[in-house]
1. Tell me, yes or no, whether the range 71-85 has at least one residue that is part of a helix (DSSP H, G or I), modelled with pLDDT under 75 and touching a helix residue (DSSP H, G or I) at 6+ places or on another chain (Cβ under 6 Å).
2. Show the residue pairs that are 6+ apart or on different chains and have beta-carbon atoms under 9 Å apart, the first residue being within the range 19-30 and in the same structural domain as Ser62 (by TED's automatic domain parsing) and within 18 Å of Gln54 (Cα to Cα), the second being modelled with pLDDT under 80 and β-branched (Val, Ile, Thr).
3. Being part of a helix (DSSP H, G or I) and exposed (fewer than 12 other Cβ atoms within 10 Å of the Cβ) is the filter here, so list the residues in the range 92-104 that pass it.
4. Could you tell me which residue of the range 162-174 is farthest from Pro346 (Cα to Cα), considering only residues that are surrounded by fewer than 18 Cβ atoms within 10 Å (Cβ to Cβ) and not small (Gly, Ala, Ser)?
5. Is it the case that the range 182-191 has a residue that's in contact (Cβ under 8 Å) with a residue 24 or more places away in the chain, over 21 Å from Pro345 (Cβ atoms) and surrounded by 17 or more Cβ atoms within 10 Å (Cβ to Cβ)?
6. Out of the residues in the range 306-326 meeting the condition of being surrounded by fewer than 14 Cβ atoms within 10 Å (Cβ to Cβ) and among the charged types (D, E, K, R), tell me which one is modelled with the lowest pLDDT.
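The values are calculated or read from the model by the stated rules, or taken from the named source; none is laboratory data. Note that this is a predicted model, so its numbers are computed, not measured. With ideal geometry, Cβ positions are generated from the backbone for all residues, glycine too; neighbour counts draw on all protein chains shown.
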Amino acid sequence: MKGKKGSVTWERVDHDRVRFRWREYVDEAGVRLPKARMRKATVRGLGSDTEVEQLALEIRASLEAHGWWRPGDSEAGQRARGVSNLEKGALAYLEWVAGRSAPTTQAQARTNLRKVMAGIRSVHGVAATDGIAGSLLNAQTLAKVYALWRTEGARGSTIYDRGRYAVDLWAYLRTFPEQWPDVPPIPPQRKTVMPKKPRVSRTLVNPTWAELDALCRHAAHRPGARGLVRRKSQHVDRLFLVLRGTGVRISSALALRVRDVDVEGARLAFDAAWEESNKRHPRWTPVPRWLVGHISGWLAGLDADALILPGRDGQLREDVAAVTLQRIVGAAVDAGEVRPEVVRPPGRGNRRLSNVFRSGIQAQLEDAGAPRAGIDLLVGHMPEHTRERHYADASNRARRAADLVPEPVLVWPSDTPSNVVQLRTTA
């Protein structure tokens, strides 16, 4: 591919290199030359024709303003001198990740690399308007960035995740040395440039029935100016009741439909739609009878295909907003009704809410003397035919374990608010 912008011509040598030629009539000192001289420069890293034309226009503007052009501090000049832009390398890496990873991994890569770029700018004093040279991605820089994050109070797990993506970016850029020539070689042992792997605390604190009940109460009410006020939407507190009785995942609870409820047998079919689409048996699981009693009151006027916990538009919700769950859990912790280590173990991040309920159910049923096999059958939500095939008397054992799950206490243990007037009984 060839082109021309005024006195500037260019020719693509290969997929990565473009050679520019132009005439100069003035030298760097501003002295007019007796005869025009031809100059040329080979630039790497120009992927698209648009970038080539932009550099040609930059050279032309410099010739018109000064009479000469040299590889300077501009991004195009840096490429001409073999200096690559690290942020553009990060964008290329993210495009590579997008074709090979799930959306969650892509979001994590974007967030962590943004922190890496900000850290490199900070330790080297690179202005926000300037590009980051590829040569700055080295072991010394990463060590300084890790130390900076520690002084900022970042957790060890957070620093480890950011460092993992920084080293992965480094390895990716080194696979294209022609496009990123100034990126130094990565050490053969990556652990030498990785931050220390944090020690994960294996000590988990299981919640009690009282703490699980407190979460259900805070899901149903919120503190108001006149005592405890009922939430406008009852779907959140109903979701917490389902978690309290089953320990199932939130997505599975939100997918429950009217046809998935067996009132007489006190059973629920979790992920029945997915099982039917894959021609497998639905996972009918025994649940506490008090939970079925609550659910049966929610089914009035609903069709068989209607969702029990629909979204605002009546459609299926895949999850509940994280901020909603955090506010409920935070309110219970602030009130002293739930221990902080239950929802956030030391040295670890927040536990999934469904895991909090499931671990509490398992621990409390063991303390109540329920057989371990029955507990596993109950919280494992196995299909009925699997239970009967591999476990003797499986359904009865799971039913006995489900009946040991006590009904939650949804009445606040505190005194009645002063603004509530007790009704008097008449003889």
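1. yes
2. The qualifying pairs are Arg19/Val13; Arg19/Thr42; Arg19/Val43; Phe20/Thr42; Phe20/Val43; Phe20/Val52; Phe20/Ile59; Trp22/Ile59.
3. Of everything in the range 92-104, those that are part of a helix (DSSP H, G or I) and exposed (fewer than 12 other Cβ atoms within 10 Å of the Cβ) turn out to be Glu95, Pro103, Thr104.
4. Arg174
5. Within the range 182-191, one or more residues are in contact (Cβ under 8 Å) with a residue 24 or more places away in the chain, over 21 Å from Pro345 (Cβ atoms) and surrounded by 17 or more Cβ atoms within 10 Å (Cβ to Cβ).
6. So the residue we want is Glu318.
To keep it simple, each residue is scored yes or no on (1) in contact with a Pro (Cβ under 9 Å, 6 or more places away or on another chain); (2) among the aromatic types (Phe, Trp, Tyr); (3) free of Cβ contacts under 8 Å to residues at least 60 places away in the same chain.
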{"residue": "Ser122", "(1), (2), (3)": "no, no, yes"}
{"residue": "Gly125", "(1), (2), (3)": "no, no, yes"}
{"residue": "Ala128", "(1), (2), (3)": "no, no, yes"}
{"residue": "Ala133", "(1), (2), (3)": "no, no, yes"}
{"residue": "Leu136", "(1), (2), (3)": "no, no, yes"}
{"residue": "Ala139", "(1), (2), (3)": "yes, no, yes"}
{"residue": "Thr151", "(1), (2), (3)": "no, no, yes"}
{"residue": "Ser157", "(1), (2), (3)": "yes, no, no"}
{"residue": "Gly163", "(1), (2), (3)": "yes, no, yes"}
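Let's see how each residue does on (1) among the polar types (S, T, N, Q); (2) in a helix (DSSP H, G or I); (3) exposed (fewer than 12 other Cβ atoms within 10 Å of the Cβ); (4) out of contact with any Ser or Thr (no Cβ under 8 Å at 6 or more places or on another chain):
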| position | (1), (2), (3), (4) |
| --- | --- |
| Ala107 | no, yes, yes, yes |
| Thr111 | yes, yes, no, yes |
| Ala118 | no, yes, no, yes |
| Thr129 | yes, no, yes, yes |
